[in-house]
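> This is the structure, below, for whatever I ask next.
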Amino acid sequence: MERASIVDTLPVYIFDETNRLKYEARVQGHDIIDFGMGNPDIPTPAPVVEKLRQAVLDPRNHRYSVSRGIPGVRRELAYWYKRKYDVDLDPDKEVLLTLGAKEGFNHLILAITEPGEHVLVTTPCYPIHRFAVQLARAVPVLLPADPEKLLPAAEAALSSVEPRPRTLIISYPNNPTTACVDLEFFSKAVAFARNHNLLLIHDFAYADLVYDNYKAPSVLQVPGAKETALEFYSLTKGYSMAGWRVGFCSGHAPVLNKLRRLKSYYDYGMFQPIQIAAAVALRDCDDEVQTISGTYQDRRDCLIRNFEQAGWPITPPRGTLFVWAPVPDQLRGRMTSFDFTRFLLAEAEVAVAPGIGFGEAGEGWVRLALVENEHRIKQAARNIRRALSKC
């Protein structure tokens, strides 16, 4: 017997369709240059891999771990925040290990959100920011991701939406728009959250991938932020550890404890050798992270330069693993972002992510992940030049 469920309320995931098109093109023998998914291609730093190998060989690490993370990895994350941002965190009360930031974020929203509640979410956004709210049977209230427009829009929403929202979800450097902010913005956001009794959740996934001497601030740097804010951080991008699924949630202890309690019902924690290796990453791999970020900056510069020569000018991002690019002028109004995605795949053998996949506000844009080397980027630019010349 077929039964209705919360899953039935979710829209068709547009990236499934783009992945299907890529697969079909490859089956037909096309060499697809794939900027579609932010899946890091740079190897994990060697000291981290070696520590994992050593830890796996110790049978004491083969047993159940603890859901919130072993003390050593939580301490190293607290030291990391102190070293990078001069933020003091209690590793026992204000740091929680998660199975990647995505798992932690989903369970946090589930732990603190009531059915029918309204939650403030920026758009365009990483899809789970919006759909975790729907999976909790709550209602996302969409606000512009543009930092200059966000807080005024949030103020208007709080005065017009019932039941009144209690949570605001943000992310900077932003995926997909690559928008970056300074500490002054976070000071205003924290003050806004405190004045309106909001929980402020900040996804800090791209803390490490920043360019042109920009340093992304942490929301927890703001005095008093821990009274109203939680921040997610992940080793996925900066440490090139996507498949390891290592994330952290830090900050406001009372709400963090709700996430800890919920997770204790769902899992027994991450495989302990991964936690031990993650502690080494946080402690010993600052230089490797800088090298990884430098590689992405070189790719960004290569893409911006060559795509402009191909007839597709794009503003260079200051952060993230991505480039957020408008549909070229000659096709704007003639093609949606999904149409343009299919055009590039068919005519240039280049895969990108359509902006509509990140919400309605992403229409007219596409996202390119910097996960191809410079040779492939130049090849993509040549292909795109030929394709655009036909339009």
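The values are calculated or read from the model by the stated rules, or taken from the named source; none is laboratory data. Quick caveat, the model's predicted, so the values are computed rather than measured. Every residue, glycine as well, gets a Cβ built from its backbone with ideal geometry; the counts of neighbours run over all protein chains shown.
> Need pairs with beta-carbon distance below 9 Å; first residue closer than 14 Å to Glu94 by Cβ and within segment 53-79, second in a helix (DSSP H, G or I) and hydroxyl-bearing (Ser, Thr, Tyr); sequence gap 6+ or separate chains.
Arg68/Ser264
> Within segment 261-281, is there a residue that is of a type outside the set (Lys, Arg) and under 25 Å from Phe186 (Cα atoms)?
Looking through segment 261-281, none of the residues is of a type outside the set (Lys, Arg) and under 25 Å from Phe186 (Cα atoms).
> Return yes when Glu24 is within 27 Å of Ile201 (Cα to Cα), surrounded by fewer than 20 Cβ atoms within 10 Å (Cβ to Cβ) and not hydroxyl-bearing (Ser, Thr, Tyr) and no when it is not.
no
> Of the residues Thr315, Thr320, which is surrounded by fewer than 15 Cβ atoms within 10 Å (Cβ to Cβ), within 25 Å of Phe204 (Cβ to Cβ), outside the structural domain of Tyr211 (by TED's automatic domain parsing) and modelled with pLDDT of 95 or more?
The conditions single out Thr315.
> If Lys263 satisfies every condition in (1) farther than 17 Å from Ile109 by Cβ; (2) out of contact with any strand residue (DSSP E or B) (no Cβ under 7 Å at 6 or more places or on another chain); (3) of a type in the set (D, E, K, R) but one, which is the exception?
For Lys263, the exception is condition (1).
> Identify, please: which residue in segment 184-239 is in contact with a helix residue (DSSP H, G or I) (Cβ under 6 Å, 6 or more places away or on another chain) and among the acidic types (Asp, Glu) and is, among those, farthest from Val87 (Cα to Cα)?
Looking at the filtered set, the residue picked out is Asp208.
> Shifting gears a bit: Which numbered condition trips up Gly243, out of (1) crowded, with 20+ Cβ neighbours inside 10 Å; (2) under 19 Å from the mean Cα position of the chain (by Cα)?
With respect to (1) crowded, with 20+ Cβ neighbours inside 10 Å; (2) under 19 Å from the mean Cα position of the chain (by Cα), Gly243 is out only on (1).
> Report whether or not Leu77 is surrounded by 17 or more Cβ atoms within 10 Å (Cβ to Cβ), hydrophobic (A, V, I, L, M, F, W, C), outside any helix (DSSP H, G or I) and modelled with pLDDT of 95 or more.
no
> Taking the criterion of being without any contact (Cβ under 8 Å) to a residue 40 or more places away in the chain, crowded, with 23+ Cβ neighbours inside 10 Å and over 30 Å from Gly294 (Cβ atoms), would at least one residue in segment 185-192 satisfy it?
Yes, segment 185-192 contains at least one residue that is without any contact (Cβ under 8 Å) to a residue 40 or more places away in the chain, crowded, with 23+ Cβ neighbours inside 10 Å and over 30 Å from Gly294 (Cβ atoms).
> Please name all residue pairs, on different chains or six or more residues apart, with Cβ atoms under 8 Å, provided the first residue is in segment 273-287 and is under 10 Å from Gly72 (Cβ atoms) and modelled with pLDDT of 95 or more and the second residue is assigned to a helix (DSSP H, G or I) and among the polar types (S, T, N, Q).
So the pair list comes out as Ile276/Asn61.
> Could I ask something else about it? Considering each residue of segment 300-322, count those that are within 19 Å of the chain's Cα centre (by Cα) and under 15 Å from Lys378 (Cα atoms), and give that number.
Number of matching residues: 1.
Yes or no, residue by residue, for (1) closer than 30 Å to Arg342 by Cβ; (2) over 23 Å from the mean Cα position of the chain (by Cα); (3) modelled with pLDDT of 95 or more; (4) not assigned by TED's automatic domain parsing to the domain that holds Tyr265:
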residue: Glu50; (1), (2), (3), (4): no, yes, yes, no
residue: Ser67; (1), (2), (3), (4): no, no, no, no
residue: Val73; (1), (2), (3), (4): no, no, yes, no
residue: Lys84; (1), (2), (3), (4): no, no, yes, no
residue: Leu89; (1), (2), (3), (4): no, no, yes, no
residue: Asp92; (1), (2), (3), (4): no, yes, yes, no
residue: Leu97; (1), (2), (3), (4): no, no, yes, no
residue: Gly104; (1), (2), (3), (4): no, no, yes, no
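> List every residue pair whose Cβ atoms sit under 8 Å apart, with the two residues 6 or more apart in sequence or on different chains, where the first one lies in segment 118-138 and is buried (at least 19 other Cβ atoms within 10 Å of the Cβ) and the second, anywhere, is part of a helix (DSSP H, G or I) and among the basic types (Lys, Arg).
Here the result reads Val121/Arg130, each pair linking segment 118-138 to a residue that is part of a helix (DSSP H, G or I) and among the basic types (Lys, Arg).
> Determine the pairs where a residue that is farther than 21 Å from Met37 by Cα, located within segment 372-391, has a partner that is surrounded by fewer than 14 Cβ atoms within 10 Å (Cβ to Cβ) with Cβ atoms under 6 Å apart, the partner being 6 or more residues away or on another chain.
Within 6 Å, the pairs are Cys391/Gln330.
> Leu97 - would you say it is part of a strand (DSSP E or B) and either hydroxyl-bearing (Ser, Thr, Tyr) or within 18 Å of Met241 (Cα to Cα) (or both)?
yes
> Now a separate question. When the residues of segment 288-311 are narrowed to those that are in contact (Cβ under 8 Å) with a residue 60 or more places away in the chain and either among the small types (Gly, Ala, Ser) or closer than 24 Å to Leu52 by Cα (or both), which ends up surrounded by the fewest Cβ atoms within 10 Å (Cβ to Cβ)?
That would be Gly311.
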